[in-house]
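Below: one structure, written as structure tokens.
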Amino acid sequence: MKTGIPKLDGLLNGGIKEKSSVLFCADPGVTNQEFAQQLLFTCLQEGHKGLYFVNNKSPQIIKKVLQEYGWHPEKFEKTKQLYFIDDFSALSAQTSHETFIVNQPTDFNQIEATLLSAFQKLKNKNMVFIFDSLSSLIDLNGTDKKIFNYLKKWLKAAQENNITPLFLFTQWPYGKAFIKNIRELFDCIVDLKAIERKIILRNYFTISKAKWLKQIKPVEIPFKVTKPGGIKVYIPKILVTGPFNAGKTSFVHSASIKAVSVDRFGTTVALDHGHVDYHGFAADLFGTPGQERFDPILKHLGGESIGVIIVVDSTKPEDFVRAKHMLELTKTTGLPSIIVANKANLKGALKPAEIRSKMKLSKEIPIIPLVAQNLNLVKDGKPCQLKEQDIQKVLEKLFKMVI
Ligand SMILES: Nc1nc2c(ncn2[C@@H]2O[C@H](COP(=O)(O)OP(=O)(O)OP(=O)(O)O)[C@@H](O)[C@H]2O)c(=O)[nH]1
Ligand SMILES: [Mg+2]
């Protein structure tokens, strides 16, 4: 079952195997809710059913949050695909309008009875069940061993009813053995962690277990939660540099959903910034000026980049040396890089092989020719729209190299 996060699906060999139990296991301070929610809505869109258990806020709040992400719970409630189990409202004596309500939210037997009756009533091929959250259940009831017996029963019941259960769990300091025992109950674990330097710098996910895979790639994928949109693999900084007038500003604007440039008289005098949202990836592009008089700021623009796009004008081999020099000035030599050979359809444009030999580039650095979307719309001194398919090729390649 697709998670709706293409990179995660790739690592899981297509998605979550039906009926497998999944633990989204977050470090304190890192979100896990959106991972399960994105999977749920991806499945709903494919026509499956979903059941959402919540014990730490009212279903109304969850629905509001889901709407902010651009997922529309009301639509799927109308088509009788999505149901909630309210294990919260009774705690504060609120009335609930959900189909399934637990009257004594802290009572395991009541939770179990409601779960099993919902499973029975809704059982359906490939139904997704979200348990939000296991840590709240533990916080309310303590780390008593009895929880394991209940969890085992619930997971088994899900499997018997063709349901894929996703449990949300935040690893508070419950004790090493307790956490280990929780983790052992599940077929698949996606860990959501943070790189911390006093404050959280970056979040990433990694797969620690997936019973249906022979081998698990030990990779850590940075992510960001965007509204609307949900989980995106996140690349915080890609530098777009290259000689004067090569087409950097054109590239940043053509690749981004939102972009701004500080330009004067048709040339960049400070920087371009663009936000890319493509195929489950979010990235921020920073474009440099090309004119030599701005070289003093290049090293500031290059700092903390994790990938580089070098834009060259294919008709101007005399500028290729300058392109390489700019890598040194931005202190980005050695980072994953791609050469964009722009203006490839103009007279005198060199082919990628010629550019490679003139620039003396190693084979690992891809060179991708690019052209304007529509030559008739190209105006002197104005950035232009570049061809979408070519831009996508560049982004796909670079994202792969960076991740
Ligand atoms: N014909 C053609 N013109 C292009 C293409 N790409 C960019 N241009 C033109 O080249 C000029 C420079 O484009 P920009 O995107 O501003 O280049 P830049 O690298 O940001 O320039 P600086 O910031 O001044 O260094 C503009 O007039 C664009 O319209 C292309 O593929 N074909
Ligand atoms: Mg520019």
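The values are calculated or read from the model by the stated rules, or taken from the named source; none is laboratory data. Note that the structure is predicted; figures quoted are calculated from it, not measured. Here Cβ is always computed from backbone atoms with ideal geometry, including for glycine, and neighbour counts include all displayed protein chains.
Which one of these is within 15 Å of P243 (Cβ to Cβ) and in contact (Cβ under 8 Å) with a residue 24 or more places away in the chain: A323, A344?
Criteria check complete, one pass: A323.
Taking the conditions exactly as written (out of contact with any helix residue (DSSP H, G or I) (no Cβ under 6 Å at 6 or more places or on another chain), within 16 Å of ligand 1 (Cβ to nearest atom) and part of a helix (DSSP H, G or I)), does S250 satisfy them or not?
Judged against the criteria, S250 is a match.
Could you run through the range 325-371 and say how many residues are within 16 Å of ligand 2 (Cβ to nearest atom) and touching a Leu at 6+ places or on another chain (Cβ under 6 Å)?
5
Name the pairs: first residue in the range 231-250 and without any contact (Cβ under 8 Å) to a residue 24 or more places away in the chain, second residue within 13 Å of ligand 2 (Cβ to nearest atom), Cβ to Cβ under 8 Å, at least 6 apart or on different chains?
Between residues of the range 231-250 that are without any contact (Cβ under 8 Å) to a residue 24 or more places away in the chain and residues that are within 13 Å of ligand 2 (Cβ to nearest atom), there is no close pair.
Would you call L51 within 19 Å of F186 (Cβ to Cβ), under 24 Å from the mean Cα position of the chain (by Cα) and buried (at least 21 other Cβ atoms within 10 Å of the Cβ)?
Here the answer is yes, as L51 does meet what is asked.
Do we find that K382 is charged (D, E, K, R) and touching a Leu at 6+ places or on another chain (Cβ under 8 Å) in this structure?
No; evaluated as a whole, the condition is false for this residue.
Restricting to the range 67-104, name every residue that is of a type in the set (A, V, I, L, M) and at pLDDT 95 or above.
Correct list: L82, I85, I101, V102.
Please tell me if T332 is assigned to a strand (DSSP E or B), surrounded by 16 or more Cβ atoms within 10 Å (Cβ to Cβ) and at pLDDT below 95. Before the answer, list the steps.
Working: assigned to a strand (DSSP E or B): no; surrounded by 16 or more Cβ atoms within 10 Å (Cβ to Cβ): yes; at pLDDT below 95: yes.
Taking the combined requirement at face value, the residue does not satisfy it.
Within the range 341-366, how many residues turn out to be surrounded by 18 or more Cβ atoms within 10 Å (Cβ to Cβ) and under 12 Å from D313 (Cα atoms)?
So the answer is 7.
Working carefully through the options T164, T114, find the one that is closer than 24 Å to L66 by Cβ and within 27 Å of the chain's Cα centre (by Cα).
From the options T164, T114, the qualifying one is T164.
Please specify each residue of the range 262-279 satisfying the condition of being surrounded by fewer than 21 Cβ atoms within 10 Å (Cβ to Cβ) and more than 13 Å from ligand 2 (Cβ to nearest atom). Walk me through it before giving the result.
At the first step, the residues of the range 262-279 found to be surrounded by fewer than 21 Cβ atoms within 10 Å (Cβ to Cβ) are 262-267, 269-270, 273, 275, 277-279.
Hits for the range 262-279 are H275, D277, Y278, H279.
Give all pairs with beta carbons closer than 7 Å in which a residue from the range 381-393 that is in contact (Cβ under 8 Å) with a residue 24 or more places away in the chain and within 16 Å of ligand 2 (Cβ to nearest atom) meets a residue that is among the β-branched types (V, I, T) and assigned to a helix (DSSP H, G or I); count only pairs at least 6 apart in sequence or on separate chains.
P383/T249
Give the range 362-387 a look and list any residue that's closer than 20 Å to A349 by Cα and away from ligand 1 (no atom under 13 Å from the Cβ), or say none.
I365, P366, I367
Please pick out the residue among V312, V240 that is over 29 Å from the mean Cα position of the chain (by Cα), within 15 Å of ligand 2 (Cβ to nearest atom) and either within 27 Å of I368 (Cα to Cα) or of a type outside the set (D, E, K, R) (or both).
V312
Inspect all residues belonging to the range 21-31 and state whether any of them is part of a loop (DSSP other than H, G, I, E, B), in the same structural domain as L82 (by TED's automatic domain parsing) and at pLDDT 95 or above.
yes
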